[in-house]
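Participant: Sending over a structure as structure tokens; questions will come in a sec.
FYI, it's all coordinate maths here, none of it is from the lab. Worth saying up front: this structure is predicted, and the values here are computed from it rather than measured. Every residue, glycine as well, gets a Cβ built from its backbone with ideal geometry; the counts of neighbours run over all protein chains shown.
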Amino acid sequence: MSDANPPDGMMDDPNGDGKSDHHDAALLYDLIDAMYGKPWYSRFIGGLAKYTKTASHGPFVHVDVRGFRARWGQ
Ligand SMILES: [Ca+2]
Ligand SMILES: [Ca+2]
């Protein structure tokens, strides 16, 4: 998701504002975070963090399924 146009290894523009930035990472973060608490999501409980764009990478969201809830970053 979010790397189809262009397929360059960088997040595209999921919020459709014409830019690829931390707002796009925040959109994905919020979508995932909203799944917590739903019974079907219990097997995916884990880490979630959003990262802003830097000189070395674009904005991105870290997701893992470590088995307990963890949050960090901005
Ligand atoms: Ca892309
Ligand atoms: Ca955007």
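Participant: For the stretch 22-73, give me the percentage of DSSP beta bridges that are antiparallel, rounded to the nearest 5 percent.
Facilitator: 50
Participant: While we're on this one: Quick one: Tyr29, Tyr51, fewest Cβ neighbours within 10 Å first, how do they rank? Mind dumping the intermediate values first?
Facilitator: Working: Tyr29 21, Tyr51 16.
Least crowded to most crowded, the residues run Tyr51, Tyr29.
Participant: Could you calculate the FRET efficiency of Val63 with Asp13 from 1/(1 + (r/R0)^6), where r is the beta carbon distance between them and R0 is 22 Å, rounded to 0.05?
Facilitator: Efficiency for this residue pair is about 0.70.
Participant: Sticking with this one: Show me 57-63, 7-13 ranked by packing, highest mean number of other Cβ atoms within 10 Å first. Walk me through the numbers on the way to the answer.
Facilitator: Numbers: 57-63: 17.4, 7-13: 13.3.
Top of the packing list down: 57-63, 7-13.
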